[in-house]
1. Going by amide H atoms built from the backbone, whose H comes under 5 Å of the H on B:GLY241, apart from near neighbours?
2. How many percent of Cα pairs in region B:165-292 exceed 23 Å?
3. Say each of B:GLU203 and A:ILE90 gets a label point 7 Å from the Cα, pointing the same way as Cα to Cβ; how far apart are those two points in nm?
4. How fast does region B:99-142 diffuse by Stokes-Einstein, in µm²/s, taking the Kirkwood radius from C-alpha pairs at 25 °C and 0.890 mPa s?
5. Could you please rank B:ASP207, A:ASP118, placing first whichever residue has the fewest other Cβ atoms within 10 Å of its Cβ?
6. Pop a pseudo-label 7 angstrom from the Cα along the beta-carbon direction at both A:TYR103 and A:PHE211 and give the gap in nm to one decimal.
7. Using the 10 angstrom Cβ neighbour count as an exposure proxy, how do B:CYS309, B:CYS171, A:CYS202 rank, fewest first?
8. Which distance in Å, rounded to a whole number, links the C-alpha centroids of region B:269-291 and region A:244-260?
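Quick note: the coordinates plus some simple rules give every number you see, no bench work behind them. Bear in mind that the values here come from a model prediction, so they are computed numbers and not experimental data. When we count neighbours, we look across all protein chains shown, and the Cβ atoms used for this are built from the backbone with ideal geometry, even at glycine.
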Amino acid sequence: MWLHVAKPFHRFSQRQCVLLSKAVCPHRLHLSTTQFTDAFYDGLYPGHIHTTPIQKALLALGSGVAALQNPYRHDMVAVLGETTGHLALIKLRDRMRNDPEGYSVLTERPRIRLSTLDLSKMASLPDGSFGREYFRFLEDNHVTPDSRAEVKFVDNEELAYVMQRYREVHDLLHTLLGMPTNMLGEVAVKWFEAAQTGLPMCALGAVLGPFRLNASRLQLLFTSLGPWALQNGQRSRCILSIFYERRWEQSLEDLRQELNIEPPPVILSATKKKSN
Amino acid sequence: MAASMRLLVRRAIRLSHRHVKVAAAGVSARSGCCWEPSSCRCYSDAAGDRSTHFGFETVPETEKAKRVYKVFENVAQKYDIMNDAMSLGIHRVWKDMLLHAMHPQAGVRLLDVAGGTGDIAFRFLEYIRSQQERQKRRAARSMKTPSWQDISNNYSTEDEDRPQESRAVVCDINKEMLKVGKQKAENMGIRAGLSWVVGDAEELPFDDDQFDIYTIAFGIRNVTHIDQALQEALRVLKPGGRFMCLEFSKVTNPVLARLYDAYSFQMIPVLGEVIAGDWKSYQYLVESIRKFPGQEEFKGMIEDAGFYCVRYYNLTGGVVALHSGFKL
């Protein structure tokens with residue numbers, strides 16, 4: 001009887017051995033230098049923490065409860081996404097691989113953070129261009145591209161990058177969809193993301209987000225914004241496959257057409273007080 | 001079992017990675033020492049600096065103190081909540097048992113090293129205060145109808161109580177932990193009889209023969225040189241003074257040990273991530289518990305430092321051990 005128990009353990013630890021031996025040759029070329037606070041990291045990528053399936057389950061449960069109790073805990077939302085999103089990440093990665101531009105994103109591994117963006121150049125671009133609108137979005141909503149948590153619990157280096165890219169593209173998606181960072185805008189973006197990526201965390205956010213909206217906004221969501229977000233999420237090209245860093249000068253309308261996204265049915269303005 | 005396999009493998013990979021790094025730097029590798037499960041001090045030929053354990057990692061001794069400081073700086077705000085969550089509130093029982101074993105009388109001076117958020121010091125003051133109240137009540141009950149002479153005598157003895165005031169000094173190397181403790185004291189309204197001092201357990205900022213009781217609760221395993229901390233304890237205690245140490249130790253029962261290991265390595269870092277947002281600090285915590293010597297070995301270390309009548313009591317099946325010794 002113990003043999004039956006011991007064998008999967010043996011296989012499990014063997015698999016861990018293989019994974020860990022891969023860790024010895026670091027994939028340093030792909031990641032930006034700002035992640036290298038410690039040159040020696042234990043895991044498949046800087047910030048990676050090994051977790052057993054039990055730990056992942058506990059993390060998913062705990063982070064879900066914590067995120068529901070306090071939606072401002074972005075790190076808990078991030079952990080929930082990482083621990084529940086394995087299958088969705090695989091699907092996303094495969095979609096990226098099948099797209100030529102997505103494939104170049106996967107190999108070149110660009111990162112969107114303040115150190116890699118040239119904000120002054122973006123501010124000087126003409127109105128209506130993607131870069132200028134993104135800059136306007138950052139200013140109007142008082143957000144910065146550096147507020148994204150690092151990926152910790154994804155046990156595959158490539159999938160971890162896909163997750164990281166998804167987080168960093170979130171703000172760009174706001175720009176593409178024309179949604180501000182208030183609650184209604186966030187829920188609309190979540191509906192789009194849930195339809196596009198299939199990540200359970202997005203689906204959870206999409207289902208639970210509307211509970212925090214008042215009646216008039218709920219009506220707006222269910223009548224026009226919601227269906228628009230869902231439809232466009234399903235039919236648009238994979239948003240992670242776009243090499244945004246090379247398209248700052250492109251016009252926003254042009255980019256939307258290329259991605260097969262309709263402009264928003266309702267223009268929402270960024271509210272003065274931040275109500276995420 | 002898978003956990004320990006994985007940890008061994010992780011150590012092997014760390015060892016081989018270090019070989020790669022160190023070989024590239026052209027320095028002879030510190031091989032072999034990483035395999036020792038017990039705390040080892042190994043000497044490197046080239047640099048001449050000693051190394052010690054930080055959890056299951058091996059780090060230079062100079063680095064350990066810095067890293068421990070960082071850990072407690074990060075966890076200070078959520079320290080008490082995490083203690084309750086991780087031990088399911090049992091840590092309060094352990095600390096109460098320490099106080100009961102201590103049985104302090106009015107007028108003693110306590111030094112609580114690595115006292116951080118002040119749990120022991122608060123309990124100490126509360127214990128003495130409730131003892132004094134009980135004595136007063138007993139005295140009052142025995143004197144139901146006092147004469148005027150007795151009442152005036154009582155007034156004069158109340159003044160004499162002042163020099164008998166007990167004092168607790170909380171000493172910690174980490175300012176963040178002391179800040180949290182001071183805040184707690186303010187919230188509880190405790191002002192008299194408590195001081196907060198920043199200090200290193202290996203080099204206490206106190207004169208010799210100052211204190212009646214020295215306690216260190218769940219702090220000594222974080223000290224780089226435990227023997228130095230014990231010698232400092234001996235130095236600052238008055239003759240007849242008592243050394244008391246609460247620390248995580250080796251579980252005696254094998255079934256409980258398995259459960260404890262599984263709980264420690266699976267649950268506690270998860271709790272750390274969910275509640276405090278810090279997985280690595282709590283991973284360090286459970287690893288440092290495994291690296292700390294067992295009950296008998298630690299008893300030997302205390303005796304080596306010069307304490308007499310050293311005893312230990314296992315709490316919760318050996319999860320925690322209370323060591324006690326006297327300076328004679």
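1. Sorted by chain and number, the residues that satisfy this are B:LYS327.
2. Details: 3794 of 8128 pairs.
Here the tail beyond 23 Å accounts for 47 percent of pairs.
3. It works out to 5.6 nm between the two label points.
4. Values: Rh = 11.5 Å.
Stokes-Einstein gives a translational diffusion coefficient of 213 µm²/s.
5. Numbers: B:ASP207 8, A:ASP118 11.
Going from sparsest to densest Cβ surroundings: B:ASP207, A:ASP118.
6. Here the modelled spin labels are 4.5 nm apart.
7. Working: B:CYS309 10, B:CYS171 26, A:CYS202 23.
With the fewest neighbours first, B:CYS309, B:CYS171, A:CYS202 line up as B:CYS309, A:CYS202, B:CYS171.
8. First find each Cα centre; the distance between them is then 45 Å.
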